[in-house]
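Asker: Before I ask anything, let me first share the structure, which is written out below as structure tokens.
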Amino acid sequence: MRIVVLDGLRLFAAVMVAFYHFAGRNDVTGAWGTTPAVAVSRVHEAAQYGWLGVELFFMISGFVICMSAWGRDIGAFIRSRFIRLFPAYWPAVLITATVVALWPVVAQPLRVSDVLLNLTMLQWPLGVHGVEGVYWTLWAEARFYLLFALLLWRGLNRQSAMWFGYGWLLAAVIAHTSREKLLIVALQPDYAPLFVAGVAFYLIHRFGHDLRLWGLVAASYLMAQHNVIARVAETEKANIKAPLSDTVAILIVTAFFAVMAVIALGWTARVRWRALTTAGLLTYPFYLLHQNIGWLIIRATHDHAPHWLVLAGTITIMLSVAWLVHRWIERPLAAYLRRRLQPPRLADATQELPILTTARPAPRRQWAEENRIRTPGRR
């Protein structure tokens, strides 16, 4: 059953990230001709925390992946993730690479070889820049999928999913302490609490209150609010170039946990707005496409309209582009892949097996003629 509130929440997280890129980051001045702190000062103070939308994305992902994997085998899970990710990702890579190559004024184009590698979604572990900066989150998602696939292989149920969450949190702490690069890559100590929280919230949503599940939520929250402090320091230094508040970041993460708890408890079950479903469909292509193309739009228009209007217009244009990509590329391509990757049906499979024939039983009358007992005196 689709939870449409999650669709709306996903778009909210994507728009948070977009506002961060357009109005929060001070390390990119090519779009506005100056820093966003100067160009859109009224929006900048809030937008500089927009990167926290990624934290919300990871929590939603934990919830949705656990929900969508329930009752599936590992093959069906992998097929569903492939069909979900790549039909929007491939056109986004090619569209963005082409636009940046034609107008290299805000971002520098990548080599053709690097663009082609981006199509695999493996550019980050191989040390190649993404066509869009946001693609790093897809590598984090992919590693979560691989871990969850191991859980599916072992058998997915309430107990196994719960202990998977506790085990991952503990393993993430060990990885952080050990400083072993392979363990850190596989177990993602910075983001494990967010994915685990999403899984725990889904289990609460499906099975109801359980002290052990709420304990998993609490452990995830305590680790997540600790981790976000390091994320604040990193973002200050790399992108904002100004101090951020640890308290504000922790409060935002706390709000995310509260909203997810409300959804898990079913308090939003009556919400059925069709617009939220549409928002969910637009989220992924919008997220993939918004950054570099959005900067180009801002650069082309910021001298011709009020900056608040430029910002709102850029978001609107990119949502429209996302709808076009979804409607005319992602949806048809996903349908094609779904048909082509469908496993052979049982009927088709049996046609390929050797046909074992058995002697047909004789008709009843024939059997009677051949096997009737003749008694003495009867002809």
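Asker: Which residues, counting only those in region 242-264, are without any contact (Cβ under 8 Å) to a residue 12 or more places away in the chain and part of a helix (DSSP H, G or I)?
Answerer: Result: Thr247, Leu251, Ala255, Ala258, Val262.
Asker: Taking Ile240, is it over 19 Å from Tyr49 (Cα atoms) and buried (at least 21 other Cβ atoms within 10 Å of the Cβ)?
Answerer: Here the answer is no, as Ile240 does not meet what is asked.
Asker: Now, a different point. Testing His44 on (1) closer than 30 Å to Leu169 by Cβ; (2) free of Cβ contacts under 8 Å to residues at least 40 places away in the same chain; (3) crowded, with 19+ Cβ neighbours inside 10 Å, one condition comes back false. Which one is that?
Answerer: Every listed condition holds for His44 apart from (1).
Asker: Step by step: first the residues of region 304-314, then only those that are in contact (Cβ under 8 Å) with a residue 60 or more places away in the chain and out of contact with any Gly (no Cβ under 8 Å at 6 or more places or on another chain), then the one that is nearest to Thr34 (Cα to Cα). Which residue is that?
Answerer: His307
Asker: Could you check region 32-58 and list, in sequence order, the residues that are of a type in the set (Val, Ile, Thr), over 22 Å from the mean Cα position of the chain (by Cα) and assigned to a helix (DSSP H, G or I)? Give the steps one after another, and end with the answer.
Answerer: Residues of region 32-58 that are of a type in the set (Val, Ile, Thr), as a first pass: 34-35, 38, 40, 43, 54.
Remaining after also requiring over 22 Å from the mean Cα position of the chain (by Cα): 34-35, 38, 40, 43.
Of everything in region 32-58, those that are of a type in the set (Val, Ile, Thr), over 22 Å from the mean Cα position of the chain (by Cα) and assigned to a helix (DSSP H, G or I) turn out to be Val38, Val43.
Asker: Any idea which of (1) assigned to a helix (DSSP H, G or I); (2) under 30 Å from His326 (Cβ atoms); (3) modelled with pLDDT of 95 or more is the one Trp267 doesn't satisfy?
Answerer: (1)
Asker: Please enumerate the residues belonging to region 119-168 that are among the β-branched types (Val, Ile, Thr) and over 13 Å from the mean Cα position of the chain (by Cα).
Answerer: Thr120, Val128, Val131
Asker: Which of (1) hydrophobic (A, V, I, L, M, F, W, C); (2) surrounded by 14 or more Cβ atoms within 10 Å (Cβ to Cβ); (3) under 23 Å from Val17 (Cα atoms) does Leu213 not meet, given it meets every other one?
Answerer: For Leu213, the exception is condition (3).
The values are calculated or read from the model by the stated rules, or taken from the named source; none is laboratory data. Everything quoted here is computed from the prediction, not taken from an experiment. When we count neighbours, we look across all protein chains shown, and the Cβ atoms used for this are built from the backbone with ideal geometry, even at glycine.
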